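Have a look at the structure below, then the notes.
The values are calculated or read from the model by the stated rules, or taken from the named source; none is laboratory data. Not measured: the values here are computed from a predicted model. Cβ placement follows ideal geometry from the backbone for every residue including glycine, while neighbour counts extend to all protein chains displayed.
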Amino acid sequence: MVSSIRDQTAIAGIGQSEYGRFLPDSQLKLGAKALKAALEDAGLERSDVDGVAIHLGWPLGVDYDRVAEAYGLDVRWVSQTWLHGRFVTSAIQQAAMAVACGLANVVACITAISFTRERQILGGPGDAEGTREDGGTHAESPPYGLTSPAGGAALGMQRYMALYGATSAQLAAVPIAFRKHALKSPYAVMKKPLTLHEHQASRMVVDPLRLFDCCLITDGAAVALVTSAERARDLKQRPVYIAGMQGLRSGRDEFIFATRGLGINQQPARRSPPDERDLAAYRMAGIDRKDVAGLYTYDAFSPVALFVLERFGFCGPGEAATWVQGGRIELGGELPMNTSGGLLSEAHVAGWNSILEIVRQLRGTAGERQIPNARYLQWATPWSDSVIFRN
Amino acid sequence: MSESAKPLPRTTPDGQPFWDALRARKLVLPYCAACGKSHLPPGPVCPFCFADRLEWRAASGRGTVSTWTVVHKEWFPAFAAEIPYNVVQVELEEGPRLTAKVVGLPNDRLRVGLPVVIDFDEAREGVTLPRFRPAP
């Protein structure tokens, strides 16, 4: 077995554009702003970037070659995922592996989105992804009018509610918590508090998901620069080390908007606590789950927050809807989640806004959102991929 | 509203017998000739034992709703007149699950575990879609 990648790489710089709706800038312009800010943050030059892990690309944007061409980069390593929450971890992992293996010295992880210009692909006749043979990857089934990732999230939550008696009012604790966090983020698109009454009165989109259970559709860009731990220590900022990782699980037991065993699509309907593979990131990082001071996830829809808690064993199968009540996932609670507001309330920068927030937290620069003494923070999704960061 | 504007299934050679049988108002499933298990969606090999030889056999057409949703947002103009409309996943008696819809039942009576039987939607030209009714 090869040696562990634990603590061998770090995020040395972060940058972002403004986040908003119908921003006048192009996707590439937003990305350029974020890349310049990240280089300035790290104290690096454009010429230091010799790898890119881009988390955009067709159908939601241009590909790696146009990115490199537009920014005048000259890179020797490229990874391209398309813009999905499931590939945030893949992009970070591939960047870290490329650095650790000597394929690149500095990898720019670049995400740039103009969702408000591209929204027609997010559901309906323009949703090419959901119209593929055998349906889409989120259980889309256009012949029956089921389209958009929201449909799959609804199928998952509906069954969860039936099995465990969870309610929409319980689910509301997730977007309400993230809205509170967003109110403390200067970058957040949402500026007003969300009450339980407003959540329950909001229009039903795809039952049981209401408007405020569905993430924002926004524009923005975020860049994180990954380099070796050694080099990061010589740069301007306190390094945020990539301490542990585990990959995306896939197979007939998995569905993107469900925990293992929930019984959606062809998943066996057989819940069980997390197994060894689900906890590998903790072992790589040399920590226990209880050492995690905050959890960050791809909250495209509120149920994702419940499912990730169960996937990683923060609570047992069927317990999450109860577990998240009483401020437990809010700043000051037992396990703050998505402390800058996530996709639900800060902005939909494909999860990278939360990666940047993790870095700010571990540098100790998160201001009024700061988790006191945060040492380990976890990025994770219900489909089991995860990265554990430390300072 | 135009039925013809609704999206049609995109099929592959692996699933063609499934759609051909539906046009004859029959629900069939691919079974593995080696291990005997059935699966959906129709694949190139048995996903359980990886054997190549698959056989198509009639399904009972009975199952239960394993999950459901009701769509309230207009995503497809061709579905606008039906909003709110349901979409369900049905766990067939044989085990595999099928995405479809339930007719003959108000949406507010949909529930996980509802017993259903196969029915056929022949409204779209050239293709018959499986749909379900509450079991009698």
> With A:GLY263, A:GLY313 as the choices, which residue is assigned to a loop (DSSP other than H, G, I, E, B), at pLDDT 95 or above and either closer than 20 Å to A:HIS138 by Cβ or within 14 Å of chain B (Cβ to nearest Cβ) (or both)?
Replying inline: A:GLY263
> Are any of the residues in region B:50-59 within 11 Å of chain A (Cβ to nearest Cβ) and either aliphatic (A, V, I, L, M) or touching a residue at least 12 places away in the same chain (Cβ under 8 Å) (or both)?
Replying inline: no
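Here is a yes/no grid of residues against (1) in a loop (DSSP other than H, G, I, E, B); (2) of a type outside the set (S, T, N, Q); (3) in contact with a Gly (Cβ under 9 Å, 6 or more places away or on another chain):
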| position | (1), (2), (3) |
| --- | --- |
| A:ASP299 | yes, yes, yes |
| A:PRO317 | yes, yes, yes |
| A:GLU334 | yes, yes, yes |
| A:LEU362 | no, yes, no |
| A:LEU377 | no, yes, yes |
>> Looking at region B:109-129 only, could you name the residues that are facing chain A (nearest Cβ under 10 Å) and at negative phi?
In response: B:LEU110, B:ARG111, B:VAL112, B:ASP121, B:ARG124, B:VAL127, B:LEU129
> Tell me, which helices (runs of 4 or more DSSP H) wholly within region A:63-163 include 2 or more residues that are surrounded by fewer than 23 Cβ atoms within 10 Å (Cβ to Cβ) and touching a helix residue (DSSP H, G or I) at 6+ places or on another chain (Cβ under 9 Å)?
Replying inline: A:64-71, A:115-118
> If you take the residues of region A:241-293 that are of a type in the set (S, T, N, Q) and under 19 Å from the mean Cα position of the chain (by Cα), which of them is surrounded by the fewest Cβ atoms within 10 Å (Cβ to Cβ)?
Replying inline: A:SER250
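Give the residue, chosen from A:THR381, A:THR322, that is within 26 Å of A:ILE264 (Cα to Cα), in contact (Cβ under 8 Å) with a residue 24 or more places away in the chain and out of contact with any Phe, Trp or Tyr (no Cβ under 7 Å at 6 or more places or on another chain). Talk me through it step by step, then tell me what you get.
Values: A:THR381 fails: out of contact with any Phe, Trp or Tyr (no Cβ under 7 Å at 6 or more places or on another chain).
After applying the criteria, what remains is A:THR322.
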>> Would you confirm whether or not region B:89-99 contains a residue that is over 19 Å from B:PRO41 (Cα atoms) and in contact with a Gly (Cβ under 8 Å, 6 or more places away or on another chain)?
In response: no
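Filter region B:1-49 down to the residues that are among the small types (Gly, Ala, Ser), in a loop (DSSP other than H, G, I, E, B) and more than 13 Å from chain A (Cβ to nearest Cβ) and list them by number. Steps first, answer last, please.
Applying the first criterion (among the small types (Gly, Ala, Ser)) to region B:1-49 yields B:2, B:4-5, B:15, B:21, B:24, B:33-34, B:36, B:38, B:43.
Subsequent filtering for residues that are in a loop (DSSP other than H, G, I, E, B) retains B:2, B:15, B:24, B:33-34, B:36, B:43.
Those that are among the small types (Gly, Ala, Ser), in a loop (DSSP other than H, G, I, E, B) and more than 13 Å from chain A (Cβ to nearest Cβ): B:ALA24, B:ALA33, B:ALA34, B:GLY36.
Is one or more of the residues making up region A:180-203 closer than 29 Å to A:ARG270 by Cα, out of contact with any Phe, Trp or Tyr (no Cβ under 7 Å at 6 or more places or on another chain), within 14 Å of another protein chain (Cβ to nearest Cβ) and surrounded by fewer than 24 Cβ atoms within 10 Å (Cβ to Cβ)?
Within region A:180-203, none of the residues are closer than 29 Å to A:ARG270 by Cα, out of contact with any Phe, Trp or Tyr (no Cβ under 7 Å at 6 or more places or on another chain), within 14 Å of another protein chain (Cβ to nearest Cβ) and surrounded by fewer than 24 Cβ atoms within 10 Å (Cβ to Cβ).
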